[in-house]
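Asks: First, the structure itself, so that you have it in front of you.
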Ligand code: NI
């Protein structure tokens, strides 16, 4: 089972670094030749039946993951769940879905047109979690989505791929402090998401997170090619519960700010 999990995340990682070359470089920088344990990998989707959170999650449930937490992001109109593997060196997976029905008819129609291009059984694909952008979209529709929901626009352009990987600071050999990680990144010229402060959360909520701002990469729309924000890299430090085990949940107030790492700057 663990070999299947490792193979899946190898594929997801390769697809991710294709459009996020900074992550590959930072991975080398922080790991200094050692393996890095991923705290979690995050996905975005629409709540449309064909591609909703559950259709992504079934790929995880089939390889030993279980559902462990649910989150609501009112302003961004998102529902999210996180999944954990019995082997805690395997990344947690955080999947959010956009509540499409809460948007205007115009936005709903653009999203419905994307999902309608997909076969009914699209989520049965073995490579669904790294299948990328499976529909065609015009740059005008992308811009319309972007004006209302950065999340929807990003998803329309990039499709099914990791939105970010996350380094587990707890498992790094050379660091145990998120400030030290951030300082190393800034010294190398990487830009951090400073929305809400560079460090989101603290020991009180048992989770500290920071992230780079997304790289930029080319996307082919039906009418032209544009360079837009792609994916980012996150860094997480977890604190122990009273029983000594590390906290494994997520903090909605922090995640809300992390989502903004793909905003255009
Ligand atoms: Ni994250």
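Laboratory data are not the source of any read-out in this text; all were calculated from the coordinates shown. Keep in mind the model is a prediction, meaning the values are calculated, not measured. Counting neighbours? That spans all protein chains shown, and the Cβs are built from the backbone with ideal geometry, glycine included.
Asks: Would you mind calculating the gained length between residue 11 and residue 203 on full extension (0.36 nm times residue separation, minus the Cα-Cα distance), in nm to one decimal?
Replies: Result: 65.8 nm gained on full extension.
Asks: Sorted from fewest to most neighbouring beta carbons within 10 Å, what does the list 231, 68 look like?
Replies: By the 10 Å Cβ count, ascending, the order reads 68, 231.
Asks: Would you please state which residues of the range 39-75 a label at residue 245 would reach in this model, taking the label point 7 Å out along Cα→Cβ and a backbone N cut-off of under 20 Å?
Replies: So the set is 39-41, 61, 63-71.
Asks: How big, on average over all directions, is the shadow cast by the Cα convex hull of the range 146-216, in nm²?
Replies: 6.4 nm²
Asks: Further question: Just grab the label-to-label distance for residue 116 and residue 87, each label 7 Å out from Cα along the Cβ direction, in nm (one decimal).
Replies: The two pseudo-label positions are separated by 4.4 nm.
Asks: If you don't mind, another one. How big is the chain in terms of Cα radius of gyration and Dmax, in angstroms?
Replies: That works out to 17.7, 56 Å for Rg and Dmax.
Asks: With each label point set 7 Å from Cα along the Cα-Cβ vector, what nm distance links residue 128 and residue 140?
Replies: It works out to 3.3 nm between the two label points.
Asks: What is the Cα centroid distance between the range 98-164 and the range 52-90, reported in whole angstrom?
Replies: Centre-to-centre (Cα) distance: 19 Å.
Asks: Sticking with this one: Provide, as a two-decimal number, the C-alpha radius of gyration of the range 125-175 over 2.2 N^0.38 Å, N being how many residues it has.
Replies: 1.59
Asks: Cut-off is 10 Å between beta-carbons; in what order do 27, 40 appear when sorted fewest neighbours first?
Replies: 27, 40
Asks: Which residue, 55, 20, 184, has the most motion in a Gaussian network model of the chain that connects Cα atoms within less than 10 Å?
Replies: Judging by the Gaussian network model, the answer is 184.
Asks: Where does helix 139-148 land angle-wise versus the long Cα axis of the chain, in degrees 0 to 90, nearest 10?
Replies: Relative to the chain, helix 139-148 is tipped by roughly 60 degrees.
Asks: Provide the gained length on full extension for the span residue 79 to residue 2, in nm with one decimal, where the gain is 0.36 nm per separating residue minus the Cα-Cα distance. Mind dumping the intermediate values first?
Replies: Values: separation 77, 0.36 × 77 = 27.72 nm, distance 2.81 nm.
Fully extending the segment from residue 79 to residue 2 adds 24.9 nm.
Asks: If you line up the long axis of helix 178-187 against the longest principal axis of the chain, both from Cα atoms, how many degrees apart are they, to the nearest 10?
Replies: Taking Cα atoms only, the helix is inclined about 70 degrees.
Asks: Another question, then. Please label the shape of the range 1-53 as rounded, prolate or oblate, based on the square roots a ≥ b ≥ c of the eigenvalues of the alpha-carbon gyration tensor (a/c under 1.5 means rounded; beyond that, a/b larger than b/c means prolate, else oblate). Spell out each step's value before the answer.
Replies: Values: a/c = 2.64, a/b = 1.68, b/c = 1.57.
Judged from the Cα gyration tensor, the range 1-53 comes out prolate (a/c at least 1.5, a/b above b/c).
Asks: Related question: Pop a pseudo-label 7 angstrom from the Cα along the beta-carbon direction at both residue 148 and residue 35 and give the gap in nm to one decimal.
Replies: My value for the distance between the label points is 4.5 nm.
Asks: Moving on. Nearest 500 deg cm²/dmol is fine: what mean residue ellipticity at 222 nm does the chain get from its DSSP H runs of n ≥ 4 alone, each adding -39,500 (n - 2.57), divided by its residue count? Don't skip to the answer; put the middle values down first.
Replies: Details: 8 runs with 86 residues, N = 265.
Result for the chain, helices only: -10000 deg cm²/dmol.
Asks: Still on this model: Provide the three semi-axes, in whole Å and in decreasing order, of the ellipsoid equivalent to the range 1-110 as defined by the square roots of 5 times the Cα gyration tensor eigenvalues.
Replies: 28, 18, 13
Asks: Starting from the Kirkwood radius over alpha-carbon pairs of the range 138-265, derive D by Stokes-Einstein at 4 °C in a medium of 1.567 mPa s and give it in µm² s⁻¹.
Replies: Calculated translational D: 81 µm²/s.
Asks: Sticking with this one: Name all residues of the range 110-143 having a backbone nitrogen under 11 Å from the label point set 7 Å from the Cα of residue 226 along its Cα→Cβ direction, giving them as ranges.
Replies: 138-143
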